[in-house]
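Since every read-out is calculated from the coordinates, none of them should be taken as a lab result. Model, not experiment: these values are computed from the prediction. In this analysis, Cβ positions are derived from the backbone assuming ideal geometry, glycine residues included, and neighbour counts consider all displayed protein chains.
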Amino acid sequence: MAAAGAAERVFSYAGAATHWQRAIELSQAVPGAVGTPGADLPRLYARAIDALEISGDGDRAGALAEEAYRRFAGHPDPATAAVIHLRAAVFRAIDAPAAGLPLIKEALRLFGQAPPSADHAEAWLRYADIFVLHAEGRLEPTRTALNRALEIAEAAGATALISRALSWLTVDPFFRGQVEEGFAILDRGRALAEAARDGEGLLRLAVHESDALLMIGKLQAAAEVGRRGLQAARQAGRQASPDASVLAANAAAAMLALGRTAEAAALIDPLTTGPPDRDHHVVDMLRAEIDLLRGDLEAAAHRQAQINALIGHIGNIEHAREAWQRAAELALWTGRPGDALHEVRRALAPFTAPDLTILFGWLLAAGMRACADLAEQARARRDGYAARDALAAAGDLVSWVEQMKGAPFTDHPFVAAIPAARATWDAERTRLAGASDPAAWRAAAKTWEDLGWPHRAGYAWWRQAEARVAVGQPGAAAAATLRAAAAAADGHVPLLAQVRTLADRARIPLQTPAAAAAQAPPQHEARVPYGLTGRELAVLRLVAAGRSNAQIGAELFISRATASVHVTSILRKLGVTNRVQAAALAERAGLLDTRP
């Protein structure tokens, strides 16, 4: 016990956990040890569980919590029994909140029979966070539970719990749009935590502050707060704690939003050398996104599959939303819009109230992008049934937004990205309808650009250029837009690949230096639709590569006039009016040797 206390004083929580567990073992072998002052066996279990959780060994902490529950759930002292119920409830809820709910309710009932305490306040905090906010997505009962935690912490004089309660209480004003009030509460909590030298409270406050800064669009500040908090966690021996992982993820998310992929990777790569686990999966979600942006699609898909399997056993619906959203984006960039739409539907399903849906704009835009991709593919393949399915799926997304009272796309002081997400959603809907609107895409690009999100702006610039050339505008008309897309795509290899493909087809030289695009494996079609001959298919592939008639003739050993005849026939059979339209349709119909 003395060794455990000494280890905790120098922030060696893994070492402390080992000593607490050894004390538990010895207490069962040494006569009279349990009666020694400070050696109450259930409390030894609680100390060991807490040390394991802080050191990042959530699996062992959960197993020990279950062992303590089996032994001491019926302890005659209500406060002791409540502590045991609380620990077991928290770890059962990781897999399924419903499994831990009866235990947390029993803990609250038992605490009610004892004087106010820090443990009682913590029980209300955990109930608000795990069992209401992140299991049900409801704000009003969350606020009620947090206020109860604050009352009990103040009555017990538990300064550390007061600062933690204040950090969580910022959720209510932020989501009500009272941003200044939310930051004022954070300042108050920080002052208390600093006065008490409460490292855990300061970490939790940094988590909420970096979250909030991300939401209001102060990306550089969010990155700085996240990195400072992570450094503080390391100094306090909490670098393996879940809070430290969230701080690293927040800092990296801000860097990625700013287009600084390499900088985000330098932070996240060392933290994700192994497979994802339940305590630190938030950094693995960022790693999968970074791998995607670097063009390592195989690594991104592998890690995302591991995360998806893990998320299925985690009861936090907000973490699940983030995981499914990233899975949807990966599917979109790897040419699997049907899979992307499936992930979006999974993310939306648990949310039946609009409280948290102000965060859903980009997820919904990704869903509409998937529907538009499916509709374009269906039209290119003349598949009327698939086209109707795509339109119906888009209608379901629109209906969901209406059920949420339009919250995902209603301007809100706390979520700076809503106008840009809404503009992207609107632009994707024009593409869904078969008439991608350059003006709509320009509006989306400018909004993202003004927010300082280059990759999302670059996506919209690319779509605007694509829409321009598709309606027959000369390449020069889209050149500036496409170059803006290339510049914004720095650090986003899949986007840059699409930009370069369009530039080649439209014969637009890209003057902006950019990273090399990843080459996708060839994909062959067993049959050729549209009645194209083998020679016409070969010509079409060269057209899609941006070759002129003279160049086509040289490559296929035919005359320029013959190449021109083939091109004219191809345009007629495809039902398009120019070469760029032919190339775009051929890609969507799967007629090309290589597809991004």
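Which ordering of MET285, MET1, MET404 is given by a fewest-first count of other beta-carbon atoms within 10 Å? List each step's numbers first, then the result.
Details: MET285 25, MET1 17, MET404 22.
Exposure proxy ranking, most exposed first: MET1, MET404, MET285.
Measuring from centroid to centroid over Cα atoms, what is the spacing of the stretch 50-90 and the stretch 316-351 in Å?
Result: 34 Å between the Cα centres.
Can you give the relative contact order of the chain as a percent, counting alpha carbon pairs under 8 Å and 6+ residues apart?
Values: 956 pairs, mean separation 52.1, N = 596.
Contact order relative to length: 9 percent.
What order do you get for SER436, SER399 when you list them from fewest to most C-beta neighbours inside 10 Å?
On the way: SER436 22, SER399 10.
Least to most surrounded, the residues fall as SER399, SER436.
Taking R0 as 56 Å, what FRET efficiency do you get between ALA191 and SER569 from their Cβ-Cβ distance, rounded to the nearest 0.05? Don't skip to the end; give the middle numbers.
Values: r = 77 Å, r/R0 = 1.37.
Efficiency, from the Cβ-Cβ distance: 0.15.
For labels at ALA480 and ASP269 in the simple 7 Å Cα→Cβ model, what's the distance in nm?
So the two model labels end up 3.8 nm from each other.
Excluding LEU108 itself, calculate the net charge of residues whose Cβ lies under 15 Å from the Cβ of LEU108, where each Lys or Arg counts +1 and each Asp or Glu counts -1.
Values: positive: ARG87, LYS105, ARG109, ARG126, ARG148; negative: GLU106, ASP119, GLU122, ASP129, GLU151.
With Lys, Arg at +1 and Asp, Glu at -1, the net is 0.
Starting at the first residue of the stretch 252-269, write each ³J(HN,Hα) from the Karplus equation 6.51 cos²θ - 1.76 cosθ + 1.60 with θ = phi - 60°, in whole Hz, x for Gly and Pro.
The phi angles translate into 5, 4, 5, 5, 5, 4, 7, x, 9, 4, 4, 5, 5, 5, 4, 7, 8, 3 Hz.
How would you rank THR424, THR334, THR533, THR481, going from fewest to most other Cβ atoms within 10 Å of each one's own Cβ? Write out the running numbers ahead of the final one.
Details: THR424 29, THR334 18, THR533 13, THR481 24.
With the sparsest Cβ surroundings first, the list reads THR533, THR334, THR481, THR424.
Net charge near THR80: determine it from the other residues with C-beta under 12 Å of the C-beta of THR80, scoring Lys and Arg +1 and Asp and Glu -1.
Values: positive: ARG43, ARG71, ARG87; negative: ASP40, ASP77, ASP119.
In short, 0.
Order the peptides 187-200, 536-549, 360-373 from the highest to the lowest mean number of other Cβ atoms within 10 Å of their residues. Kindly include the intermediate steps, with their values, before the conclusion.
Numbers: 187-200: 17.0, 536-549: 20.6, 360-373: 25.3.
Going by the mean number of other Cβ atoms within 10 Å, highest first, we get 360-373, 536-549, 187-200.
Run the helix sum for the chain: -39,500 (n - 2.57) per DSSP H stretch of 4+ residues, divided by residue count, reported at 222 nm to the nearest 500 deg cm²/dmol. Let's see the in-between values first.
Working: 30 runs with 418 residues, N = 596.
Computed mean residue ellipticity for the chain: -22500 deg cm²/dmol.
In the chain, if the dipole is taken from +1 on Lys/Arg beta carbons and -1 on Asp/Glu beta carbons about the Cα centre, which of GLY472, GLY226, ALA299 is farthest to the positive end?
Farthest towards the positive pole: GLY472.
Given contacts defined as C-alpha pairs under 8 Å and at least six residues apart, what's the relative contact order of the stretch 198-314, whole-number percent?
Working: 142 pairs, mean separation 23.3, N = 117.
Computed over the stretch 198-314, the figure is 20 percent.
What are the ³J(HN,Hα) couplings of the stretch 56-66, residue after residue, when phi is run through the Karplus curve with 6.51, -1.76, 1.60 and θ = phi - 60°? Round to Hz, x for glycine and proline.
Coupling constants for the stretch 56-66: x, 9, x, 5, 5, 4, x, 5, 5, 5, 5 Hz.
Hey, can you rank 21-28, 7-14, 341-348 by average C-beta count inside 10 Å, highest first?
Numbers: 21-28: 15.2, 7-14: 16.9, 341-348: 23.0.
Ranked by mean Cβ neighbours within 10 Å, highest first: 341-348, 7-14, 21-28.
Stretch ALA561-GLN113 to full length: gain in nm at 0.36 nm per residue minus the Cα-Cα span?
Details: separation 448, 0.36 × 448 = 161.28 nm, distance 9.41 nm.
Gain on extension, ALA561 to GLN113, equals 151.9 nm.
What is the sum of charges, Lys and Arg at +1 and Asp and Glu at -1, for the other residues whose Cβ falls under 12 Å from the Cβ of LEU202? If you can, show how the numbers build up before the last one.
On the way: positive: ARG164, ARG190, ARG197, ARG204, ARG228, ARG238; negative: GLU194, ASP198, GLU200, GLU209, ASP243.
So the surrounding residues net to +1.
Given R₀ = 60 Å, what would the calculated FRET efficiency be for ARG70 paired with TYR385, taking r from the Cβ atoms and rounding to 0.05?
Details: r = 56 Å, r/R0 = 0.94.
The value I calculate is 0.60.
Calculate one ³J(HN,Hα) per residue across the stretch 74-84 by plugging θ = phi - 60° into the Karplus curve 6.51 cos²θ - 1.76 cosθ + 1.60, and present them in order as whole Hz with x for glycine and proline.
x, 4, x, 7, x, 5, 5, 4, 5, 4, 5
Could you calculate the FRET efficiency of GLN473 with SER548 from 1/(1 + (r/R0)^6), where r is the beta carbon distance between them and R0 is 22 Å, rounded to 0.05?
Working: r = 19 Å, r/R0 = 0.85.
Working from the Cβ atoms, E equals 0.75.
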